[in-house]
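Below: one structure, written as structure tokens.
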Amino acid sequence: MKKRISLIILSLVLILSGLCFTSCGVTEVEDIDGLTPREAYEKALISLEDIERYDVHLDMQSQAKILFVPIYTIAIEDFCYYSYDGNNQHYEIPEESLERLEEEGLSDIMSGFDEALWYVDGICYVKNGNVKEKFASTTNPIQRSEYETAVSHILRDYAGETKCYRDGDRYYFTVTITDPSEMELNMGTENEIYTVYLTEEGYVDEIVFEGTMEGFVTLTIKADYSYEDAPIVTPPADAENYVDDSSYSYYW
């Protein structure tokens, strides 16, 4: 019996030690290199304007739990991505991702978004199913991802209330919204939790959105930023099949 108790105690010590080693890397900081979270984030977004080429890949996971035990998980990697190459940009929801979203009853998440859009050298190419159109534009219609915009709005409204942390070589901060009237994405969740990670150099590294639905389903969307080996943005491979439509009006 004594040996059994000793083993239990030893196991608890090992577990607690593991938790300590895991959490000891995270420390709360007063600011991010002298800047508030809002200032650091705004600086990071501005710095993206000076980066010639980068891309953003979005992963999605929906998981249901009962008594903290997962009963099903739906995960879609790269369900949407943005590529930035100077003034040229590309946005797309891959066909396989659209099919998965439809199969899982989650297609409403991307409601209102075009399937694919390229802006290259003043020409905009828009694809939705078999409909392919192009038109000339002096401005780029592809705006920042809605996650970047949502965090900007939230930090404006919650200035001074956000705590900062450092985890290894990254900084991060988290904002939780529970008031439906203040939610940014309005995906039908009961709350919206945004966690933004910045690199040690002050660049946006990752934006994570989490929300709970019906009390036991968690929706997580993660936007990963990559600054190395980002693709050169070129017109779609079948650009000759896109029909000219000078009267096209684009709203996003």
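Structure above, values below:
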quantity: Electrostatic dipole magnitude of the range 155-252 [Cβ: Lys, Arg +1; Asp, Glu -1; Cα centre; debye, to 20]; calculated: 320 debye
quantity: Calculated from backbone phi, Karplus (6.51, -1.76, 1.60) coupling profile of the range 91-96 in Hz, x at Gly/Pro; calculated: 10, 7, 10, x, 4, 5
quantity: Whole-Hz couplings from phi, Karplus 6.51/-1.76/1.60, listed for the range 209-222; x for Gly and Pro; calculated: 10, 10, x, 9, 10, 6, x, 9, 10, 10, 10, 10, 10, 10
quantity: Low-density loop positions, chymotrypsin sites (Phe, Trp or Tyr not before Pro), the range 60-92 - DSSP coil, at most 13 other Cβ in 10 Å; calculated: Phe68
quantity: Hydrodynamic radius of the range 79-203 per Kirkwood, over alpha carbon pairs, in Å; calculated: 17.1 Å
quantity: Probe 1.4 Å - accessible area at Lys132, Å² to nearest ten; calculated: 50 Å²
quantity: Within the accessible area of the range 149-220 (1.4 Å probe), percent carbon and sulfur; calculated: 43 percent
quantity: Kirkwood Rh and Cα Rg combined as Rg over Rh, evaluated for the range 138-223; calculated: 1.00
quantity: Probe 1.4 Å, accessible area per residue of the range 151-244, Å²; calculated: 51 Å²
quantity: Exposure of His57 as accessible area (Å², to 10), given a probe of 1.4 Å and all protein chains; calculated: 50 Å²
quantity: Under 5 Å, built H, 5+ apart or other chain: amide partners of Ile177; calculated: Glu192, Ile193, Tyr194
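The values are calculated or read from the model by the stated rules, or taken from the named source; none is laboratory data. Just so it is clear, the model here is predicted, and its values are computed rather than measured. Cβ atoms come from the backbone with ideal geometry, glycine included; neighbour counts cover every protein chain shown. All accessible areas refer to the heavy atoms of the entire protein, side chains included, with ligands and DNA or RNA removed. Shrake-Rupley method; radii C 1.70, N 1.55, O 1.52, S 1.80 Å.
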